[in-house]
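Take a look at the structure below.
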Amino acid sequence: MASRGLICVSVAVADAVAVQAAVAPVLELVDVVEIRLDCMNDPHLAGCITTLGKPVLATNRPTWEGGQWQGSEQERIDLLCQTLRWGARYVDIELHAAPNLRDQVLNEAAKVGSQVIISNHDFQATPASDHLHHTLEQMMASGADIGKIVVTASGPGDCLRILALQERAMAAGFPLCAFAMGAAGAISRLATLYLGGFMSYAALTPELATAPGQLSVQEVQALLRILERDND
């Protein structure tokens with residue numbers, strides 16, 4: 001198989017039982033399972049994380065960055081830290097979260113040997129290159145194990161601009177997820193996998209996408225088979 005980044009399926013369901021049922025049909029097709037805590041009615045995942053059989057990424061996205069969490073910031077961070085103690089391999093915390101809360105997550109992850117993805121999302125547009133590079137530099141200085149910069153594309157130039165961040169990240173030895181949302185950004189979700197991107201995110205089905213332009217696991221796998229068929 002050609003060298004490429006990881007495939008992460010993003011799951012937004014009510015509880016642990018629903019997570020296991022939803023992921024079962026695609027589990028062998030993905031490398032990582034992202035569980036969206038902010039979309040759950042009951043986020044108690046103690047048994048679920050260890051029995052899924054794939055590394056789990058815990059994300060608890062606040063409303064101020066496109067998510068559904070409406071509780072306090074401290075409660076949000078406490079839940080993220082709890083998922084680390086339950087066995088989550090990765091946890092996502094926003095670049096613009098309060099530094100003391102971000103540090104709390106970084107410290108907890110270090111205790112249990114897990115990795116922190118520090119993320120930034122723009123749901124409106126793709127910023128200029130200097131802004132994107134500044135965001136990347138902030139992430140590299142933040143203590144993140146992995147960075148995630150996601151923008152919204154309106155044309156090919158936006159896709160090229162976000163994917164170009166991989167050159168700086170690779171030169172620094174910094175794992176980075178970088179791609180664009182929206183219909184115009186769909187190609188970047190696939191291209192990033194072969195351009196040094198650490199990971200790209202896919203939906204359980206087209207109807208269950210957790211972000212605009214997100215391809216389904218089956219769609220991603222169909223494209224990967226075409227690109228990698230000479231290596232079978």
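The values are calculated or read from the model by the stated rules, or taken from the named source; none is laboratory data. Please read these numbers as outputs of a predicted model, since none were measured by experiment. No Cβ is skipped: glycine too gets one built from the backbone with ideal geometry, and neighbour counts run over all protein chains shown. Protein only, heavy atoms only, side chains kept; ligands, DNA and RNA dropped before computing areas. Shrake-Rupley method; radii C 1.70, N 1.55, O 1.52, S 1.80 Å.
What to note about this one:
- Residue among ILE149, ILE93 that alone is in a strand (DSSP E or B), under 20 Å from ASP78 (Cα atoms) and modelled with pLDDT of 95 or more: ILE93
- Scanning segment 113-136 for residues that are surrounded by 14 or more Cβ atoms within 10 Å (Cβ to Cβ) and outside any strand (DSSP E or B) returns SER114, ASP122, THR126, PRO127, LEU132, HIS133, THR135, LEU136.
- Qualifying positions in segment 191-214 - open to solvent by less than 20 Å² (accessible area, probe 1.4 Å) and in a helix (DSSP H, G or I): THR192, LEU193
- Some residue of segment 215-230 being in contact with a Cys (Cβ under 7 Å, 6 or more places away or on another chain) and open to solvent by 10 Å² or more (accessible area, probe 1.4 Å): no
- Test set (1) under 18 Å from the mean Cα position of the chain (by Cα); (2) not in a strand (DSSP E or B) - ALA21 fails condition number: (1)
- The C-beta contact set for segment 187-211 (first residue of a type outside the set (A, V, I, L, M), second residue open to solvent by 50 Å² or more (accessible area, probe 1.4 Å), distance under 6 angstrom, 6+ apart or interchain) comprises TYR194/ARG4; GLY196/MET170.
Results for (1) in contact (Cβ under 8 Å) with a residue 40 or more places away in the chain; (2) touching a Cys at 6+ places or on another chain (Cβ under 7 Å); (3) closer than 27 Å to GLY5 by Cβ, shown as yes or no for each residue.
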site	(1), (2), (3)
ASP38	no, no, yes
GLY53	no, no, yes
THR83	yes, no, yes
TRP86	yes, no, yes
PRO99	no, no, no
VAL105	no, yes, yes
SER114	no, no, yes
HIS121	yes, no, yes
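- Checked against (1) aliphatic (A, V, I, L, M); (2) over 23 Å from ARG89 (Cα atoms); (3) touching a residue at least 40 places away in the same chain (Cβ under 8 Å), ALA128 meets all criteria but (3).
- Among the residues making up segment 40-49, a single one is open to solvent by less than 30 Å² (accessible area, probe 1.4 Å) and either farther than 13 Å from GLY87 by Cα or among the hydroxyl-bearing types (Ser, Thr, Tyr) (or both): MET40.
- Residue in segment 155-177 that is least open to solvent (accessible area, probe 1.4 Å), counting only those that are part of a loop (DSSP other than H, G, I, E, B) and under 14 Å from THR135 (Cβ atoms): PHE174
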